[in-house]
Amino acid sequence: MEVIKLQNVKKSFNGNAVLKDISLSVKKSEVVVIMGPSGSGKSTLLRCITFLEEPDNGIIKLGDKEVEADLPQNKQRKKVIRDLRQNTGFVFQQFNLFPHRTALENVMEGPIIIKKQNRELAREKAVSLLTKVGLAEKMNHYPSQLSGGQQQRVAIARALSMEPMVMLYDEPTSALDPELVREVLQVMKGLAKEGMTMVVVTHEMSFARDVADRVVFMDQGIIIEEGTAAQIFNNPKEERTRTFLRDVN
Ligand code: ADP
Ligand code: MG
């Protein structure tokens, strides 16, 4: 079963075509890693999935919700986009936690405000999620009292608190000191093992080798090639992929 399906998605900024006719499907429990040089459109692609950017053309499907890019805004369309966002957990390079809330409050916020969950239930779930990401001890700490790796794990717990159908990660370890990268990747790996559907933009090749069902290589707004990590890393078909892999290594 497909959880995400993008059909012919295009996006330009001021006449600069950043996504050129992208089609991509992600099945339930699949882990797709997207790689590509800086500026190739990876972030824009993730942002289009949740309509943080409006695509110019194409169709975005998430579960049974479908949004066509070039239809006029109306109440019903806005509602579908809201649903689509609620069903997507987004983890950014910068953790974007609320600075004046504790880790626990950060994780409780979405379910209470958006899902109208009662406070006790939201709290119970938040405790269990923070335990899951290894932060039971740090629940009452503020973001400034946490390391980058811990903050990013809170951000993952916060995204999970909305019980999304899919998790989207945009270079989740790029802002971290090298010694903190592993703890975040471990948490992501654990989630993947539990069957979470995920799309991950990352240059962490070992993560891709261990966890990805599929690696998608993008350049200049186009999917150049896709395959298993072994296919893409050991035996890339396209010159652009080869050049990229030579440069990241
Ligand atoms: P990547 O994540 O692969 O580095 P991005 O999706 O961030 O690439 O960006 C792709 C291209 O789109 C870049 O040239 C970037 O400058 C441009 N771009 C992204 N967002 C905007 C925006 N909001 N306005 C104008 N240009 C943008
Ligand atoms: Mg990016």
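The values are calculated or read from the model by the stated rules, or taken from the named source; none is laboratory data. Computed from a predicted model, the values in this text were never measured in an experiment. All Cβ positions, glycine included, derive from the backbone under ideal geometry; neighbour counts span all protein chains shown. Side chains included, ligands, DNA and RNA excluded: accessible areas come from the protein's heavy atoms. Shrake-Rupley method; radii C 1.70, N 1.55, O 1.52, S 1.80 Å.
Of Lys27/Lys189; Lys11/Lys189; Lys28/Lys189, which ones are farther than 25 Å apart at the Cα?
In this structure, Lys11/Lys189 exceed 25 Å between Cα atoms.
Determine ³J(HN,Hα), in whole Hz, for all residues of segment 17-22 in sequence, where each value follows from phi through the Karplus function 6.51 cos²θ - 1.76 cosθ + 1.60 and θ = phi - 60°; x replaces Gly and Pro.
Those phi angles translate into 6, 9, 10, 10, 6, 8 Hz.
Give the distance, in whole Å, between the Cα centre of segment 115-130 and the Cα centre of segment 32-59.
If we compute the Cα centre of each part, the gap is 31 Å.
Rounded to two decimals, what is the ratio between the C-alpha radius of gyration of the chain and 2.2 N^0.38 Å?
Dividing the Cα radius of gyration by 2.2 N^0.38 Å gives 1.01.
Taking segment 73-205, how much of its Cα-Cα pair set, in percent, is spaced more than 25 angstrom apart?
23 percent
Order His141, His100, most accessible first, counting only protein heavy atoms with a 1.4 angstrom probe.
His100, His141
For Phe90, which sequence-distant residues (separation of 5 or more, or a different chain) have an amide H within less than 5 Å of its own amide H, given hydrogens modelled in the peptide plane?
Leu168
At R0 = 41 Å, how high is the FRET efficiency between Asn16 and Tyr142 if r is their beta carbon distance? Nearest 0.05 is fine.
The calculated FRET efficiency here is 0.55.
If Lys and Arg each add +1 and Asp and Glu each add -1, what is the summed charge of the other residues whose beta carbon sits under 14 Å from the beta carbon of Glu183?
+1
Work out from phi, with θ = phi - 60° and the Karplus expression 6.51 cos²θ - 1.76 cosθ + 1.60, the ³J(HN,Hα) of each residue of segment 235-241, listed in order in whole Hz, and give x for Gly and Pro.
Using θ = phi - 60°, the values come out as 9, x, 8, 9, 4, 5, 5 Hz.
So what is the calculated 222 nm ellipticity per residue for the chain, using -39500 (n - 2.57) for each DSSP H run with n of 4 or more, over all residues, to the nearest 500 deg cm²/dmol?
It lands at -11500 deg cm²/dmol.
Using the beta-carbon distance between Asn74 and Asn8 and R0 = 35 Å, what value does 1/(1 + (r/R0)^6) give for FRET efficiency, to the nearest 0.05? Show your work: numbers first, answer last.
Details: r = 22 Å, r/R0 = 0.63.
It comes to 0.95.
Let me check I've understood the local charge: for Phe98, count other residues with C-beta under 13 angstrom from its C-beta, Lys and Arg +1, Asp and Glu -1. What total comes out? Let's see the in-between values first.
Details: positive: Arg101, Arg158; negative: Glu105, Glu109.
The answer is 0.
Who wins for biggest fluctuation among Lys65, Lys75, Lys42 in a Gaussian network model of the chain, springs between alpha carbons below 10 Å?
In the Gaussian network model the winner is Lys75.
Whole-Hz Karplus ³J(HN,Hα) for segment 122-132, in order, using 6.51 cos²θ - 1.76 cosθ + 1.60 and θ = phi - 60°, x for Gly and Pro?
Listing the rounded values in order: 4, 5, 4, 5, 5, 4, 5, 5, 5, 5, 4 Hz.
In whole Å, what three semi-axes, largest first, describe the equivalent ellipsoid of segment 138-189 built from its Cα gyration tensor (square root of 5 times each eigenvalue)? Mind dumping the intermediate values first?
On the way: eigenvalues 63, 47, 14 Å².
Taking √(5λ) for each eigenvalue gives 18, 15, 8 Å, largest first.
Mind scanning Lys78/Lys132; Lys61/Lys125; Lys61/Lys116; Lys5/Lys193 and naming the pairs with a C-alpha gap bigger than 31 Å?
Lys78/Lys132
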